[in-house]
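**Student:** I'd like to ask you about the structure that follows.
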Amino acid sequence: NEQAGAVVATGLKVELRDTIAWLRLERPDKRNALDLTTIRALLQTMDDLPESIRAIVLSGEGAHFCAGLDLNEAVEMSVGEGIAHSRLWQRAFDAVENAPVPVIAVMQGAVVGGGLELASAAHLRVAETSAYYALPEGLRGIFVGGGGAVRIPRLIGVARMTDMLLTGRVLSAKEGQQFGLSQYLLPPGEGLDQAFALAARVACNAPLSNYAVLQALPRIARADDAAGYLLESLMAAIAQGDDEAKLRLQDFLSGRAKKAGPS
Ligand code: 1HE
């Protein structure tokens, strides 16, 4: 895991470690609240990722993953600016969800408001037991604006999101895990190692398989059944037809590949 490069953009630190890019929110004194500079840095970073990157780890420096929108900026915004602001956030978080490689978020402490919207755009979410989730938008007189109204119901359902927005209810890490906000739950301090282990693992998959999982699966899940089945067949045939798949299938048939059972 030798560090190959490090770039510090304001609010976001980017390190390239072999085939893994590590993106870290870097405003711990502000609980990694997302200001425009950080959102722009995230969008730019996702656009500029080197082709050698096979997985991304997204984390927040300090005791909290992210306190959401930098409320100092929201105070000043007109209605028109608010729309433009939200559209920019949506582009940045779309760039995360539509990344060509898996994005693994590590969540500790506050994962609130736009912080939860950002984490929801990742493909795998690792929580530490210190994590807690809230959507204080309702309390602050605002609304989610970073794609959360689309993504969060897909994870936990409209009813739970409605409850969080209307009441400001805070979910514990355990509740978050039960509801589907995290796929992994670990003791404090172990999230990052777990995320890098997962990143190393998924980075070894055939790139076309990962592409199918990231790009085709969510669209199939949203399509009507007939379109879904067709997309699935096309994607299956494309992945299977790739040389990488032929090699991996041969490896299994000749007893060289890892089995699918418990390790
Ligand atoms: C902030 C922000 C922020 C902290 N914008 N400055 N988000 C929220 O409504 C969450 C607001 N934050 C909190 O409720 C708390 O800060 C936390 C529960 C996340 C953490 O509490 P704590 O006790 O660890 O920290 P703190 O003392 O409250 O905050 C430390 C500093 O960070 C303090 O600044 P300081 O200069 O007085 O040291 C806070 O003001 C600052 N800080 N959070 C600005 N969010 C596109 S739509 C998205 C909509 C949303 O995301 S709405 C949800 C916004």
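The values are calculated or read from the model by the stated rules, or taken from the named source; none is laboratory data. Predicted model, so just to flag it, every value in this text is computed and none were measured. Please note: Cβ atoms are built from the backbone with ideal geometry, for glycine as well, and neighbour counts cover all protein chains shown.
**Student:** Considering (1) out of contact with any Leu (no Cβ under 6 Å at 6 or more places or on another chain); (2) away from the ligand (no atom under 16 Å from the Cβ); (3) at pLDDT 95 or above, say which one Met107 fails and leave the rest.
**Tutor:** Here Met107 meets the rest and fails (2).
**Student:** From the list Arg151, Arg169, Arg160, which residue is among the charged types (D, E, K, R) and not in a helix (DSSP H, G or I)?
**Tutor:** Arg169
**Student:** With the condition kept exactly as written, say whether any residue in segment 117-135 is near the ligand (Cβ under 9 Å from one of its atoms) and hydroxyl-bearing (Ser, Thr, Tyr).
**Tutor:** Among the residues of segment 117-135, at least one is near the ligand (Cβ under 9 Å from one of its atoms) and hydroxyl-bearing (Ser, Thr, Tyr), which makes the answer yes.
**Student:** Is there a residue being touching a residue at least 40 places away in the same chain (Cβ under 8 Å), in a loop (DSSP other than H, G, I, E, B), more than 16 Å from the ligand (Cβ to nearest atom) and of a type in the set (A, V, I, L, M, F, W, C) anywhere in segment 31-51?
**Tutor:** yes
**Student:** Moving on. Just to be sure I understand the filter: pairs with C-beta atoms under 8 Å, separated by 6 or more residues or on different chains, first member in segment 142-154 and free of Cβ contacts under 8 Å to residues at least 60 places away in the same chain and within 14 Å of Gly68 (Cα to Cα), second member of a type in the set (Asp, Glu) and part of a helix (DSSP H, G or I). Which pairs pass?
**Tutor:** From segment 142-154, the pairs are Phe143/Glu137; Val144/Glu117; Val144/Glu137; Gly147/Asp94; Gly147/Glu97; Gly147/Glu117; Gly148/Glu117.
**Student:** Out of the residues in segment 158-171 meeting the condition of being exposed (fewer than 15 other Cβ atoms within 10 Å of the Cβ) and free of Cβ contacts under 8 Å to residues at least 12 places away in the same chain, tell me which one is nearest to the ligand (Cβ to nearest atom).
**Tutor:** Here the answer is Thr162.
**Student:** Here is a follow-up. Quick one: would you say Met77 is more than 9 Å from the ligand (Cβ to nearest atom), free of Cβ contacts under 8 Å to residues at least 12 places away in the same chain and aliphatic (A, V, I, L, M)?
**Tutor:** yes
**Student:** If I go through segment 66-82 residue by residue, how many of them are of a type outside the set (A, V, I, L, M, F, W, C) and surrounded by 17 or more Cβ atoms within 10 Å (Cβ to Cβ)?
**Tutor:** 2
**Student:** Which is farther than 30 Å from His64 by Cβ and surrounded by 13 or more Cβ atoms within 10 Å (Cβ to Cβ), of Asp225, Asp242, Asp251?
**Tutor:** Asp242
The rows are residues; the columns are (1) more than 16 Å from the ligand (Cβ to nearest atom); (2) at pLDDT 95 or above; (3) surrounded by fewer than 17 Cβ atoms within 10 Å (Cβ to Cβ).
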{"position": "Ala6", "(1), (2), (3)": "yes, no, yes"}
{"position": "Gly11", "(1), (2), (3)": "no, no, no"}
{"position": "Leu23", "(1), (2), (3)": "yes, yes, no"}
{"position": "His64", "(1), (2), (3)": "no, yes, no"}
{"position": "His85", "(1), (2), (3)": "no, yes, no"}
{"position": "Ala95", "(1), (2), (3)": "no, yes, no"}
{"position": "Gly115", "(1), (2), (3)": "no, yes, no"}
